[in-house]
Amino acid sequence: MQFKTLFNPFVWPYAFVIWVRNKLYDFGIFKVSEIPVASICVGNLSLGGTGKSPLTNWLIDWKKNEMQVQVLSRGYGRISKGARLFQFSENAETFGDEPFMYVLKHGINIDIAVAEKRWDGWKILPQKDNRILILDDAFQHRAVKAKCNIVVTTFQKPFFKDNLLPFGRLRELPFALKRADLVLVSKCPETLQESEKQIFTSNIHRFKNIPVFFGRYRYEAPISFKAEHNWNAKNVLLVTGIAQPEPIEIYLKAKFKVETIKFPDHHNFTASEIQAIHRKFDTFADCDKAILTTEKDFARLWHKREEWGMKDFPWFYLPIALEIENEIEFKNLVNSKL
């Protein structure tokens, strides 16, 4: 954390408001309601792109065979308001791209609700035996309290090297880590050395002495928007609407010739943008070519793929899987908190 930014007067109003808000919760002036069942909060200290969604998917995969998994999200970017339980008429526009992505990935095996106020969302979830609630991106939503709180930060842009908004991407000061039970450092390189892990851990322990785990992504085989298309591409047009597409670019450029079209995080695509992507793709001379996007972007495009003619082009999305070092220790620690 570069504390020199705290001496900038433009930071003071934001820092003061966040400090007062947290103190009001700490002193019990603002009510905190504890989730009365097994619950895990996945969050971070900064803005998007830290890897909360892959961790949420990992937790769902882990727990769905032994418990009734329920997921609660804000549903960022949706056009609807209030608390909503997933119905089959929903899509990414009405439900939010991340929760709808969980629906596409896990189907009816889990219950999913979205709500700006997480307690309202909790109340509409079905009351079932042996259930576990995963709160996606709820670390700053202090009106609810989970039994286990996981903070995710990236290897490339860790919170302890970041600055408070508006000069950095931190939502709150690193001392908020005191509310966490463990930290997951995501997007780690395969060549990560023990010495680097020790440095990372020491920097995190400056704010709280809690367990630190390290995780990396495994990119899986691309999946077609349409079953008839097989992946045999050598030239790739990568289309992204996520916060940090650089790791995907690096991975793909080691294997393919890649051109990238980038949109902002949580971008809502338009028909004209898809047409422009198709025109760009048509300029590729090689027949061994494909349009590739992320799993989160696929969730946003899913309900428009027929209307926008995407079935006539070789669109694919790239699933990612999270691998956590010392996985058994990680699971045991989470279970001990539940």
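The values are calculated or read from the model by the stated rules, or taken from the named source; none is laboratory data. None of these values were measured; they are calculated from a predicted model. Here the Cβ is made from the backbone with ideal geometry for all residues, glycine too, and neighbour counts use every protein chain on show.
Pairs meeting the criteria (first residue in the stretch 259-280 and in contact (Cβ under 8 Å) with a residue 24 or more places away in the chain and more than 12 Å from residue 310 (Cα to Cα), second residue part of a helix (DSSP H, G or I) and of a type outside the set (D, E, K, R), beta carbons under 7 Å, at least 6 apart or on different chains) are 261/277; 269/301. Of the candidates 178, 187, the single residue that is out of contact with any Cys (no Cβ under 9 Å at 6 or more places or on another chain) and crowded, with 20+ Cβ neighbours inside 10 Å is 187. Does the stretch 290-302 contain any residue that is in a loop (DSSP other than H, G, I, E, B) and either more than 30 Å from residue 34 (Cα to Cα) or out of contact with any His (no Cβ under 6 Å at 6 or more places or on another chain) (or both)? No, because not a single residue in the stretch 290-302 is in a loop (DSSP other than H, G, I, E, B) and either more than 30 Å from residue 34 (Cα to Cα) or out of contact with any His (no Cβ under 6 Å at 6 or more places or on another chain) (or both). Cβ-Cβ contacts under 6 Å between residues 6 or more apart (or on different chains), taken from a first residue in the stretch 24-37 that is touching a residue at least 24 places away in the same chain (Cβ under 8 Å) to a second residue that is surrounded by 13 or more Cβ atoms within 10 Å (Cβ to Cβ) and part of a loop (DSSP other than H, G, I, E, B), are listed as 25/142; 35/146.
Residues of the stretch 101-115 that are more than 19 Å from residue 129 (Cβ to Cβ) and either among the hydroxyl-bearing types (Ser, Thr, Tyr) or assigned to a strand (DSSP E or B) (or both): 102, 114. When the stretch 60-79 is filtered for residues that are within 30 Å of residue 270 (Cβ to Cβ), out of contact with any Lys or Arg (no Cβ under 8 Å at 6 or more places or on another chain) and at pLDDT 95 or above, the ones remaining, listed by number, are 71, 73. Beta carbons closer than 6 Å, at least 6 apart along the sequence or on distinct chains, pair a first residue in the stretch 57-73 that is farther than 12 Å from residue 321 by Cα with a second that is assigned to a helix (DSSP H, G or I) and aliphatic (A, V, I, L, M) for 69/60. Please determine, by comparing only the residues of the stretch 158-194 that are touching a Pro at 6+ places or on another chain (Cβ under 8 Å) and not in a loop (DSSP other than H, G, I, E, B), which one is nearest to residue 207 (Cα to Cα). Restricting to residues being touching a Pro at 6+ places or on another chain (Cβ under 8 Å) and not in a loop (DSSP other than H, G, I, E, B), the top hit is 160. Can we say residue 145 is of a type in the set (Lys, Arg), in contact (Cβ under 8 Å) with a residue 40 or more places away in the chain and more than 11 Å from residue 43 (Cβ to Cβ)? Yes, satisfied.
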